[in-house]
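Inspection log for the structure reproduced underneath, given as structure tokens.
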């Protein structure tokens with residue numbers, strides 16, 4: 001047997017466990033959901049469930065709401081994470097040490113507990129409201145509102161995104177930045193010409209993670225969100241197990257999968273480009 | 001190797017997107033372990049049967065107390081409890097029992113199931129439950145025979161509870177006693193009343209149903225005919241209109257506990273709530289002791305919670321032994337103490353203390369039996385009231 005063939009076989013064997021796992025836990029369920037979602041409830045198959053997604057007032061506002069919350073959360077999370085990561089990379093001192101040691105803590109607090117904690121902190125009669133009362137500041141409604149969901153998303157996603165971005169920034173050689181500085185490049189210029197391009201790939205990974213985490217989130221929006229509009233995850237659960245309209249829930253699942261694949265497409269494309277460069 | 005590399009990356013991305021699909025995955029079948037068939041006399045190994053129940057945390061606490069008590073007295077039977085929190089797909093437990101029966105798979109590993117009257121009736125229609133008699137369960141004699149006739153001996157009403165108004169007596173001197181008075185009160189005190197999203201808990205659902213059926217004939221509350229749905233319009237208009245007067249101009253917390261939390265921290269003054277949850281939380285000082293209960297007329301719904309034996313269960317003897325224990329005055333006293341539920345057996349079988357405790361409280365609630373219409377109510381509530 002030729003060497004390349006042998007290598008290819010070994011490679012395939014090594015990939016197959018991951019592939020089989022994905023096949024049975026992801027690919028087949030997606031196909032099943034898709035088939036279910038085509039059922040119109042009276043035996044036939046058509047796209048009526050998808051039409052429903054955009055014509056039903058409640059469902060349409062849920063979708064728009066989900067996209068809005070997801071995009072807002074992504075922007076805010078990445079803004080905060082990137083700033084934190086930059087700060088930790090290029091500054092030093094006690095504060096940096098403190099941040100470095102503590103920013104991961106939210107990762108170790110179970111979601112439900114954190115959510116109830118946020119409710120106690122930010123609720124109408126919560127701690128924060130009580131602390132601000134003597135100062136004369138009244139908080140706007142945070143819990144049972146999209147603000148609550150977004151704050152929870154920040155809490156859940158900032159640590160991980162910061163971790164990813166910090167490691168990307170750490171791998172930028174200091175010599176590159178120092179030499180740029182030596183020849184007089186301004187801070188902004190260094191950022192846009194060196195730092196951002198060199199960490200762009202990880203930035204994209206972080207966006208992907210945050211986007212998918214938020215769009216599929218359930219616990220926080222279920223407990224913190226308003227009754228309407230709802231995030232897709234909450235609405236899907238309600239349609240599936242309360243209203244028992246499995247086809248409609250499946251259509252929603254497929255739709256949110258499409259939203260994610262849209263982002264996945266850009267991610268894969270940029271990875272593919274990179275591979276071509278490496279060839 | 002480069003192409004493989006690419007493939008791995010693509011698969012990784014696929015895996016990420018998979019998280020989204022998690023929400024609608026189908027439920028796993030519970031344990032597939034094989035137990036020896038029920039023959040307590042012949043075998044020395046304890047018989048283990050599966051008991052599925054649903055409800056709020058208090059129901060779980062109750063069984064966490066009763067089951068060890070039972071197992072201590074009956075070493076030949078083990079009870080494996082499976083708790084399904086309310087609002088998280090409890091309906092599918094019944095679907096599983098039915099599916100197992102239709103597929104010829106026996107009991108589907110669900111021997112005993114706890115639920116309300118709707119499921120009892122549905123199962124009786126579809127011949128899923130096993131009829132019960134005092135031969136197998138001597139303590140059935142402790143139950144009022146009318147209650148047993150209501151369900152054609154297909155289920156054991158082992159405890160009751162009702163939805164009532166819970167109010168903070170330090171802020172509300174005279175709570176409303178009729179539904180009309182309550183609706184007036186809500187309008188006069190904007191933001192001080194809350195009911196929970198009806199699809200997430202029975203107390204909110206009871207409030208919604210009671211308002212919808214306010215002006216409908218009594219017969220309709222036992223009618224699951226979809227034709228009744230047309231008569232809901234005025235009720236839904238009332239609820240829509242109430243939206244601007246309830247807590248937060250139209251915020252409906254999730255689950256029965258959601259509104260109790262609001263009452264506890266003083267954000268609202270009156271809520272509909274399950275009597276047993278309020279009494280229990282008062283006992284644990286989770287609610288301020290100024291919280292009091294009031295039933296209104298026409299009453300909110302309430303009624304017994306039933307235990308049903310799967311007709312195809314192979315462990316009926318063990319299940320009967322357990323049911324007999326649940327209906328003993330000893331276990332019923334635990335239900336009263338622990339859950340503040342009304343006992344399932346006749347009060348005359350309980351101690352004088354208990355009899356005094358429930359004088360007057362256990363009356364006034366109505367039992368709604370509207371079948372699948374409650375799903376329709378939730379659906380329409382979501383689109384008409386929540387998303388108005």
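Please treat every number below as a calculation from the coordinates, not as lab data. Everything numeric here is computed off the predicted structure, so don't read it as measured data. In this analysis, Cβ positions are derived from the backbone assuming ideal geometry, glycine residues included, and neighbour counts consider all displayed protein chains.
See the values below:
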{"read-out": "Gap separating the Cα centres of region A:14-71 and region A:128-169, nearest whole Å", "value": "31 Å"}
{"read-out": "Ranking of A:205, B:278 by count of other Cβ atoms within 10 Å, fewest first", "value": "A:205, B:278"}
{"read-out": "Per-residue mean of C-beta atoms belonging to partner chains within 10 Å, peptide B:376-383", "value": "3"}
{"read-out": "Fewest-first ranking of B:114, A:97, B:314, using other Cβ atoms within 10 Å as the exposure measure", "value": "A:97, B:314, B:114"}
{"read-out": "Alpha carbon centroid spacing (whole Å) that separates region B:124-183 from region A:234-259", "value": "34 Å"}
{"read-out": "Calculated FRET value between residue A:182 and residue A:96, using beta carbons and R₀ = 25 Å, to 0.05", "value": "0.55"}
{"read-out": "Estimated FRET transfer efficiency (residue B:102, residue A:130; beta-carbon r; R0 56 Å; 0.05)", "value": "0.50"}
{"read-out": "Peptide B:247-255, shielding by other chains (average Cβ, 10 Å cutoff)", "value": "4"}
{"read-out": "Tensor-based shape of region A:56-278 (alpha-carbon gyration tensor, a/c under 1.5 rounded, otherwise prolate or oblate)", "value": "oblate"}
{"read-out": "Shielding by partners, peptide A:262-268 (average Cβ within 10 angstrom, other chains)", "value": "3"}
{"read-out": "Relative contact order (%) - region A:189-279, alpha-carbon pairs under 8 angstrom, separation at least six", "value": "26 percent"}
{"read-out": "Sequence-separation-based contact order of region A:56-278, relative, with Cα cut under 8 Å and 6+ spacing, percent", "value": "29 percent"}
{"read-out": "Order of B:161, A:241, A:166 under a 10 Å beta carbon neighbour criterion, fewest first", "value": "A:241, A:166, B:161"}
{"read-out": "Relative contact order (percent, whole number), region B:278-379, Cα cutoff 8 Å, 6+ residue spacing", "value": "35 percent"}
{"read-out": "Rounded to 5, percent antiparallel among DSSP beta bridges of the protein assembly as shown", "value": "65 percent"}
